[in-house]
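> Input: one structure, supplied below.
The values are calculated or read from the model by the stated rules, or taken from the named source; none is laboratory data. Here the structure is a predicted model, which means the values were calculated and not measured. Backbone-built Cβ (ideal geometry, glycine too); neighbour counts: all protein chains shown. The accessibility values were calculated without ligands, DNA or RNA, using every heavy atom of the protein model including side chains. Shrake-Rupley method; radii C 1.70, N 1.55, O 1.52, S 1.80 Å.
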Amino acid sequence: MVNWFRFKFGITALVVQLFFILMFAWLVEYEHDYGNVEAPINGNHTSETGRLYPPFQDVHVMIYIGFGFLMTFLSRYGYTAVGINFFLASIAVQWAILVRGFTKYEVFKGDKYDAVAKELISLDFAAATVLISFGAVLGKTTPLQLLVMTLIEIVVAQINQLICTRFFSASDIGESMYIHAFGAYFGLAVSRVLYDKRVKDATKAKPVYHSDHFSMIGTIFLWLYWPSFNGGAASDDEQQRAYINTYLSLAACTVVTFALCAIYDENGKFKMEYIQNSTLAGGVAVGTTANMPLHPFGALIMGSVAAIISVTGYRFGSAFLADKLRIHDTCGVHNLHGMPALLAAIAGAVLAAMGSTEKWGQSYHQIFPHTAPISEGGKGWTNIQQGGYQMAALALTLGIAIFTGIITGFMMKLPIFDQDQIKDADDMFEDSVFWVLHEEEHLPMKHGGEQNGDKHKEMELRQRTTVGEHGIHL
Amino acid sequence: MVNWFRFKFGITALVVQLFFILMFAWLVEYEHDYGNVEAPINGNHTSETGRLYPPFQDVHVMIYIGFGFLMTFLSRYGYTAVGINFFLASIAVQWAILVRGFTKYEVFKGDKYDAVAKELISLDFAAATVLISFGAVLGKTTPLQLLVMTLIEIVVAQINQLICTRFFSASDIGESMYIHAFGAYFGLAVSRVLYDKRVKDATKAKPVYHSDHFSMIGTIFLWLYWPSFNGGAASDDEQQRAYINTYLSLAACTVVTFALCAIYDENGKFKMEYIQNSTLAGGVAVGTTANMPLHPFGALIMGSVAAIISVTGYRFGSAFLADKLRIHDTCGVHNLHGMPALLAAIAGAVLAAMGSTEKWGQSYHQIFPHTAPISEGGKGWTNIQQGGYQMAALALTLGIAIFTGIITGFMMKLPIFDQDQIKDADDMFEDSVFWVLHEEEHLPMKHGGEQNGDKHKEMELRQRTTVGEHGIHL
Amino acid sequence: MVNWFRFKFGITALVVQLFFILMFAWLVEYEHDYGNVEAPINGNHTSETGRLYPPFQDVHVMIYIGFGFLMTFLSRYGYTAVGINFFLASIAVQWAILVRGFTKYEVFKGDKYDAVAKELISLDFAAATVLISFGAVLGKTTPLQLLVMTLIEIVVAQINQLICTRFFSASDIGESMYIHAFGAYFGLAVSRVLYDKRVKDATKAKPVYHSDHFSMIGTIFLWLYWPSFNGGAASDDEQQRAYINTYLSLAACTVVTFALCAIYDENGKFKMEYIQNSTLAGGVAVGTTANMPLHPFGALIMGSVAAIISVTGYRFGSAFLADKLRIHDTCGVHNLHGMPALLAAIAGAVLAAMGSTEKWGQSYHQIFPHTAPISEGGKGWTNIQQGGYQMAALALTLGIAIFTGIITGFMMKLPIFDQDQIKDADDMFEDSVFWVLHEEEHLPMKHGGEQNGDKHKEMELRQRTTVGEHGIHL
């Protein structure tokens, strides 16, 4: 009743934004000093900006439309899905600039961090990590909790990536380890800590007919632009391979997802939930190996196996996690991001261990720079060593993700972050807890004047339940 | 009751995917051998991949978002529209790689087929052919039938295109003949063979308010990216003309569609069905001539005429086809793709016959290589000959499309492909035949325990009918 | 009852299109004469077309998907929002080619106007101006009125821009003055003249749950591609700065919008209306300065201030405009486009006045060519002069927009343009006035056979009211 929350979230967000402004003023600058424009000012000149911008925009669509709409599948949670996704990503990209500046040590060298166009895709990648975790806790958390999660996760995910790339020289072009595995297991760890058994009674954790249509907008844009996610930051032959491998893996994954979906259902029917998610597992599964000579048929195999893992996870794994391990995974991020990312990482390690300059040509040293001879700037690692370091990167990623996820979960549970706004199962997966819904304006206010019991209750019921039930018939 | 279907579709799809994997292992490889990376590894270097990738992604959006959502206009068939579109396209692109490899004879030369980035747009083109045919039979076919149709149509469409380009040297930059005419008349032939008079009683062949909104997402993305469809594979001046001609044709087509829509309606109102489809006819209508010097005003005329043909087709033609010729055309592909493609092809022939190097400069030989002198690698065809071959290409395309469409229709009718899953008019245009709908979970199972007649019937009715009726008020 | 309207709109639109065709035949041609193809026909060559096309397509999505879907938030006006947006934009881009040809004097020099690929983005910009004005009068105007508005506004907006750029040399890379300020104040002036007090009783001026989801599709695509809007026409360092500044401004704006939204609401809840619109104000606010060295932190400040202005406008300003000034602003274009554009223009003037070649390097003369010495082709303006001319451009823009908007409003009021089609408050924001809605087909015709009073009235009521009320529970 007291409007404490009214100010708490808003003021916190304003303070964060003010902090970003001050830090940017101190630390961040454009790449080129505008006093020294050396690039030719020529209409036909293709700048690096021009080259990197189209795939960046594809990834940008994935983050805000893709993740945002994919999560609108719930009957009464579309505003939060697409809206809070929007908010968190906007926090994440700003924070990622600062954190990346620090983790790259540029700041400590006295330089300002270059806010260059080629970095933009990396900022969206950083945001993706958080949004995957968001999928695990969707419907069970407050905006304030999610803001806290975002601020922490960006830092630990970037540190993890820094260690894995700097010390293990682990190649992960589509960042299946650093984004998908990290985001999924961090989110699952948070979800485990926040577990509330009342989620079993949450009747709104279901789609309706039209909400599944909105969700498919997200799915398909993610699917379409995934080659840009895995290949947008690569170049030349590596880029061509990344595009083709991802494209093929996704196509195969989609076919196998439909096939298994029908096989698993007792009436041979398709389930939208599986289609919306498992079709994307092929993009995750080739994330580490996309730029490697996986061969086209190898990409098809990766996508097919990813589909098998992912659909099977949705069919059997999610219930197991929820019932036995008390990890409620709203969007099934374990099936879409977690397990396929493990597949990706293992495939990367195996390819690294089996590859060589004889087989791959120059690509081998380009992809794994530490395998180059010391005379050529590498460290002379053997292929087996490189494979081992790839596995070490996976192990470290899982360890850091789960450990910091648990700690973050406990922090998010602190009463100050408003978990108690979600009072009962009926408040779970329910937009009206955080949003002014227009239908409310036409119905008696819940806490409003009129108090004649039955009618009030009936109307409140209508607002709360019929709305949902109603939607069901859509 | 028996779950035969459960395994049939799924296992068939898995077998197809396995076949693809084996064939890819045998036949398909990346363009560049990774042992011979010769391209400069240079951040500012613009690779062919980089140049072709943005328009490819535009076309990619057209295939999966465009076609998929355009077909969601039916009140109860959105899952199938966007979902099966997704499945079929994913089959089609993989199959098209193999078929294109064969039709280009590359395989017979002992080479592997190059899965190069510049091929990706052609794979989406191949998928488009199938998805146009899908529009004609939408709501009246099973996924298994559509899978069969996809596998056959890709082969015959690619053979048709091979003959027309190899022997007739017929220019068709946006493939209005090879994709739009072929897909439309093939689909109409299939629809004729599959004709079931109960379709007249199918009450669900109607949109509701929100389903038409989803459909407009498809329309507008198709409309926006159509210049990429017609010009993405062209270069330099031809590309610029293709972009501008398509852009202008679409704009004029949209204006005339709205105008005619109001004129044809007795109350001067617009009809969403016409707007969703006929606005796109301008893209089809310049498909053959987009890269030619059609002049900007010529592009406006093409678009305007396309709109007249298309809206008139929706207003009068579709009923004629259905009632007199017993061809039920769910999405009106004859009006959107068929007739405008005839216009495109005829315009192409006329321009070829009227053009010359005097009028077009080098472009004439570039666009019609066989008109170049034999000394320059051409065949010395006259402009009249080239015009004739353009018409021959159209005639062959129509002949092959209709003939193979009829045969495919009869194959699809074989009981093994499950046409009888669609038991009555109420199963037409009804997602619940193939999809698990969430509302079912909240209602007594159709074949479930409780059998007390009246209530069961009432609830089933509610599930089947009220849902639809309900949606109507949206 | 008489079908006068049936022919009026349609014939008018046809006449306009025919006029366009004739004018194009007279005045418009491709950039390169096809007889003189000099550009290398080389796969790896990057043409200007190729460089400009991807950001153009981003802007294209903004115009047709962005503006179109953003305006679908109303419960019963989605067809008009996305459909008439589609129609008007298609008129606008064709008309803009002609008008731009005239305003650039190219025609008077005897040349044809070049319909070049690099112009395409400018045509979409011209359309945006009209669509912003459309947002102010949405739901209260007829298609014919809007057609008239489009034809007039394109002309006056282009003349305004011509004067400001030609004589004041006012820099406005993202055209915050020429598009956003002009479109908003022109639209508000029209809305003032058309003011009808019955709008207060228009119960349909409200969203429902799903319509707000459709609207978010528009919001997010606008948000994502806004960097292309502000930077697509720039190059090199200016382009990089434009992309980064816009990106950062939007991110900050989004965070502050969510924060203020919660602070302003008595229960600390978010309001979709604010989120859908104010998050975009950051794109408008950096429109004039995007290519200038605003510094990354400066971009964050611009976005934050824009959010404060915009959300405050929605919270307090709109009611003031409607109640006190009798300006009903359906989409709140004053808050999204008007005020943030003022901020943008003032910031541009301040930066111009404070900048110098010492501080900005070459960029200063490139951005403000008249400040270059006369010996270098400039006019030798001082920075203070340039700042003054920036302000003059804003003043002129506001003056012309408001003055011509008022005149246009009175023209639109002429009975011939069918304002009286909107008979009462129930016809406002109601698609069925202009569109055939499918539910009507299932209900007794309003003017149809059956006339037994009560039932007819009940059904009509159901059609009119229940439909709306029904939707409310979605």
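> Quick one: of the DSSP bridges fully inside the protein assembly as shown, what percent are antiparallel, nearest 5? Can you show the working numbers first?
Details: 3 of 12 bridges.
Among the beta bridges of the protein assembly as shown, antiparallel pairing accounts for roughly 25 percent.
> On a 0 to 90° scale, report how tilted helix A:78-103 is relative to the longest principal axis of chain A, with both axes built from alpha carbons and the result rounded to the nearest 10.
With both axes taken from Cα atoms, the answer is about 40 degrees.
> So what's the net charge close to B:Ala341: Lys and Arg +1, Asp and Glu -1, counting the other residues with Cβ under 15 Å from its Cβ?
Numbers: positive: none; negative: B:Asp172, B:Glu175, B:Asp329.
So the environment of B:Ala341 carries a net charge of -3.
> Restricting to DSSP loop positions (anything but H, G, I, E, B) with no more than 15 other Cβ atoms inside 10 Å of their own Cβ, which trypsin sites (Lys or Arg not before Pro) remain in region B:239-327?
Within region B:239-327, the qualifying trypsin sites (Lys or Arg not before Pro) (loop, at most 15 other Cβ atoms within 10 Å) are B:Lys324, B:Arg326.
> If we count GluC sites (Glu not before Pro) as exposed when they sit in a DSSP loop and have at most 11 other beta carbons within 10 Å, what is the longest stretch of chain B that avoids them all? Display every interim value, and only then the final one.
Numbers: sites that count: B:Glu38, B:Glu266, B:Glu450.
Answer - B:39-265.
> Hey, for B:Arg198 with labels 7 Å out along Cα-Cβ, what do the inter-copy distances come to in nm, ordered shortest first?
B:Arg198 label point versus its equivalents elsewhere: 4.9, 4.9 nm.
> To continue, here is another question. With the crude spin-label approximation of a point 7 Å out along Cα→Cβ, what separation in nm comes out for B:Ile384 versus C:Ser375?
Placing both labels 7 Å along Cα→Cβ, they lie 6.8 nm apart.
> What does the structure give for A:419-428 when I average, per residue, the other chain Cβ atoms found within 10 Å of the residue Cβ?
Values: counts 0, 0, 1, 0, 0, 0, 0, 0, 0, 0.
If you average over the peptide's residues, the count of other-chain Cβ atoms is 0.
> In addition: With all protein chains present, how much of the accessible area of the protein assembly as shown (probe radius 1.4 Å) comes from carbon and sulfur, to the nearest whole percent? Let's see the in-between values first.
On the way: 27970 of 45010 Å².
Summing carbon and sulfur atoms, their accessible area is 62 percent of the total for the protein assembly as shown.
> Treating the angle as unsigned and between 0 and 90°, give the value, to the nearest 10°, between the Cα long axis of helix C:4-27 and the longest Cα principal axis of chain C.
20
> Let me check against my output: what whole-number percent is the relative contact order of region A:117-255, with C-alpha pairs under 8 Å and at least 6 apart? Walk me through the numbers on the way to the answer.
Working: 82 pairs, mean separation 37.1, N = 139.
Worked out over region A:117-255, it gives 27 percent.
> Let me ask something else. What's the extension gain from B:Phe320 to B:Ser356 if we count 0.36 nm per residue and subtract their Cα-Cα distance? Walk me through the numbers before you get to the answer.
Values: separation 36, 0.36 × 36 = 12.96 nm, distance 4.11 nm.
Going from the current span to full extension adds 8.8 nm.
> How fast does chain B diffuse by Stokes-Einstein, in µm²/s, taking the Kirkwood radius from C-alpha pairs at 25 °C and 0.890 mPa s?
Working: Rh = 23.4 Å.
My calculation gives 105 µm²/s for D.
> Please list, ordered by chain and number, the residues whose modelled amide H lies under 5 Å from the amide H of B:Val28; skip anything fewer than 5 residues away on the same chain.
B:Tyr113
> Which distances, in nm and shortest first, link the C:Pro373 label point to the same label point in every other copy, taking 7 Å along Cα→Cβ?
5.6, 5.6
> What length, rounded to one decimal in nm, is gained on full extension from C:Thr165 through to C:Leu18, with 0.36 nm per residue of separation minus their alpha-carbon distance?
Details: separation 147, 0.36 × 147 = 52.92 nm, distance 3.16 nm.
Contour length minus the Cα-Cα distance gives 49.8 nm.
> Hey, another quick one. How big is the dipole moment of the protein assembly as shown about its Cα centre under a simple scheme where the beta carbon of each Lys and Arg is +1, that of each Asp and Glu is -1, and everything else is neutral? Debye, nearest 20, please.
On the way: 96 positive and 126 negative charges, 285 e Å.
Around 1360 debye, computed over the protein assembly as shown.
> Copy-to-copy spacing for A:Lys359, label 7 Å out on the Cα-to-C-beta vector, in nm, shortest first?
Result, one decimal in nm: 5.9, 5.9.
> Just to confirm the filter: which trypsin sites (Lys or Arg not before Pro) across region B:350-441 are DSSP coil and have at most 16 other Cβ within 10 angstrom of their Cβ?
Details: sites: B:Lys359, B:Lys379, B:Lys413, B:Lys423; in loops: B:Lys379, B:Lys423.
Loop-located and lightly packed - B:Lys379, B:Lys423.
> Expressed as a whole number of Å, what is the distance separating the alpha-carbon centroids of region B:289-341 and region A:369-390?
Measuring centre to centre over Cα atoms gives 61 Å.
> While we're looking at this one, here's another question. Counting residues in region C:183-288 as N, plug N into 2.2 N^0.38 Å and put the Cα Rg over that result. Walk me through the numbers on the way to the answer.
Working: Rg = 16.9 Å, N = 106, 2.2 N^0.38 = 12.9 Å.
Against the empirical 2.2 N^0.38 Å value, I get 1.30 for region C:183-288.
> Taking chain A as the reference, fit the longest principal axis to its C-alpha atoms, fit the long axis of helix A:48-61 to the helix C-alpha atoms, and give the angle between the two in degrees, 0 to 90, nearest 10.
Tilt of helix A:48-61: around 30 degrees.
> Can you show me the helix-derived [θ] at 222 nm for the protein assembly as shown, built from DSSP H runs with n ≥ 4 at -39,500 (n - 2.57) apiece and divided by the number of residues, rounded to the nearest 500. Could you put the intermediate results ahead of the total?
On the way: 57 runs with 841 residues, N = 1422.
That comes out to -19500 deg cm²/dmol.
> If only Cα atoms are counted, what is the Rg of the protein assembly as shown, and what is its Dmax, in Å?
Here Rg and the maximum Cα pair distance are 30.0, 97 Å.
> Taking θ = phi - 60°, what integer Hz values does the Karplus form 6.51 cos²θ - 1.76 cosθ + 1.60 yield along region C:68-77, in sequence order, with x for Gly and Pro?
So the Karplus estimates, Gly and Pro as x, are x, 7, 3, 7, 7, 5, 6, 4, 10, 9 Hz.
> As a quick test, which of the pairs B:Lys269/C:Lys8; B:Lys197/B:Lys269; B:Lys206/B:Lys324; A:Lys140/A:Lys197; A:Lys140/A:Lys413 have an alpha carbon distance above 19 angstrom in this structure? Intermediate values should be presented prior to the final figure.
Working: B:Lys269/C:Lys8 11 Å; B:Lys197/B:Lys269 31 Å; B:Lys206/B:Lys324 21 Å; A:Lys140/A:Lys197 11 Å; A:Lys140/A:Lys413 12 Å.
Pairs exceeding 19 Å: B:Lys197/B:Lys269; B:Lys206/B:Lys324.
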